[in-house]
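Data block below; observations after.
The values are calculated or read from the model by the stated rules, or taken from the named source; none is laboratory data. Computed from a predicted model, the values in this text were never measured in an experiment. Every residue, glycine as well, gets a Cβ built from its backbone with ideal geometry; the counts of neighbours run over all protein chains shown. Side chains are part of the model used for accessible areas, which takes the heavy atoms of the whole protein and leaves out ligands, DNA and RNA. Shrake-Rupley method; radii C 1.70, N 1.55, O 1.52, S 1.80 Å.
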Amino acid sequence: MFRHAIPIGRIFGISIDLDYSWFLIVGLFAWMLAVSYFPSELPAASSGQDWAMGFVAAVMLFVCVLIHELGHSVVAQIYGLNVPRITLFLFGGVSQIAAEPGTPGQEFWIAVIGPVVSLALAALFWEIEPLLAYISPWIAVAECLALMNLVLALFNLIPGFPLDGGRILRAMVWRATGAYQRATGAAAVIGRFVGFLLIAFGIWEIFRGALIDGLWIAFIGWYLESAAGSQLQLESARTLMGQHRVADAMRRDFPRIAGDITLQTLVDHFVLPEGNHYFVVSEGNAGEGLITLSTIHTVSREMWPVTTAAQMMIPTAKLDTITPDAGLWAVLEKMGRDGVNQLPVVEGSQIVGILSREDILQYLRVLEAFAAGPRPATSRVVRRGFPVSKGHSHLP
Ligand SMILES: [Zn+2]
């Protein structure tokens, strides 16, 4: 999800990462606070003080966002869900929870703790204000943080996916109907509606002359709308893939090579002409294995003519494999979690197929074509990217 993120430490075993966009948003916030908020709150303060307050408040806001995300993550951990990382980025923070909550109760408590933490932080900053009475700039910073945490809590309670309020709504509908997918659909539709509302409000603000505010609100609206939209897409794919198995979509005519050919021959005669990214290597009694382009890249070119595929293959026993009966949706989630592009399908110790993300997407397109009703021979309908679920992402 975040290719350019810097890990800055670990809390409760969770990696805390800063995406490059975080530096941009902290700078933007510090600037907005330094040139408009603090000068109006403390006219007597110098511009140097305004900038110092602006910078401290912007960084402190993200400390609060981090604490909010830690709230979600710790409750998820209590329910036994793995949380590999929290990333702070342009729109706040994302807790990457490795699996969806299993019950409405889990979904409810994982979601509601976030706004509760932000409300508590707002109250805390309000409470400590009198303690800062003698150092006036810091009162203004505390007041600003109390306000921003209150806004954060209330904004997140809007019942639109992927905001916390949307997850709370999903938990309630799920509890009432017992239908997870219908509940997700309802929360995501409201999420899209909220997104469009924010875009409209942002455009209206721009026309009223508040360019920066308007642009920012419209941008958040666009982000919410597209996040909710991809959740809907995800749910419709999950429904379509429902009962389908790996065997339905896997490639049985996967490229197979003998173990004694050299990497040079492999590249010249199989990789370049046919464009395959992986090969099943048969090594007689020594069994089988898989060799991929990334494995070949680990060998220096001058060694290609003298290195055989069998020497570089990963034996089946060491591979992460799936079985033909595994659910297609579960395997797609696994690929997303583990960041892999293809998985060998084995029966016993034999590789009987290969399943790549592209195979699943192709299969999904066919399912969509059929779901859309009878059409002349299933032609490739629409080639479009597809959001692979990366676990449970929480906006702050
Ligand atoms: Zn949250």
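Quick look at the values:
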item: Single match in D17, D50 (criterion: more than 22 Å from I217 (Cβ to Cβ), crowded, with 17+ Cβ neighbours inside 10 Å, within 14 Å of the chain's Cα centre (by Cα) and more than 16 Å from the ligand (Cβ to nearest atom)); result: D17
item: Q106 being within 16 Å of the ligand (Cβ to nearest atom), among the polar types (S, T, N, Q) and at pLDDT below 95; result: no
item: Flag if M60 is more than 16 Å from the ligand (Cβ to nearest atom) and crowded, with 20+ Cβ neighbours inside 10 Å; result: no
item: Condition met for A111 (in a helix (DSSP H, G or I) and away from the ligand (no atom under 13 Å from the Cβ)); result: no
item: Residues within segment 77-92 that are under 18 Å from I168 (Cβ atoms) and touching a strand residue (DSSP E or B) at 6+ places or on another chain (Cβ under 7 Å), tallied; result: 1
item: Set L42, L81, L28: member being at pLDDT below 95 and surrounded by fewer than 16 Cβ atoms within 10 Å (Cβ to Cβ); result: L28
item: Residue list for segment 4-51, restricted to those being among the charged types (D, E, K, R) and in a strand (DSSP E or B); result: R10, D17, D19
item: Meets criteria (open to solvent by less than 10 Å² (accessible area, probe 1.4 Å) and within 13 Å of the ligand (Cβ to nearest atom)) for I97; result: yes
item: Number of positions in segment 68-94 that are in contact with a helix residue (DSSP H, G or I) (Cβ under 7 Å, 6 or more places away or on another chain) and not in a loop (DSSP other than H, G, I, E, B); result: 10
item: Residue check, V65 aliphatic (A, V, I, L, M), in a helix (DSSP H, G or I), within 16 Å of the ligand (Cβ to nearest atom) and open to solvent by less than 10 Å² (accessible area, probe 1.4 Å); result: yes
item: Segment 288-306 - residue that is among the small types (G, A, S) and not in a helix (DSSP H, G or I) and, of those, most open to solvent (accessible area, probe 1.4 Å); result: S300
item: Selection within segment 133-180 - within 12 Å of P104 (Cα to Cα) and away from the ligand (no atom under 13 Å from the Cβ); result: L169, R170, A171, M172, V173, W174, R175, A176, T177, G178, A179, Y180
item: Qualifying position, being under 21 Å from V94 (Cα atoms), surrounded by 14 or more Cβ atoms within 10 Å (Cβ to Cβ) and touching a residue at least 12 places away in the same chain (Cβ under 8 Å), among L147, L169; result: L169
item: Matching option when the condition is surrounded by fewer than 17 Cβ atoms within 10 Å (Cβ to Cβ) and at positive phi, among G105, G178; result: G178
item: Test result for A123, away from the ligand (no atom under 16 Å from the Cβ) and in a loop (DSSP other than H, G, I, E, B); result: no
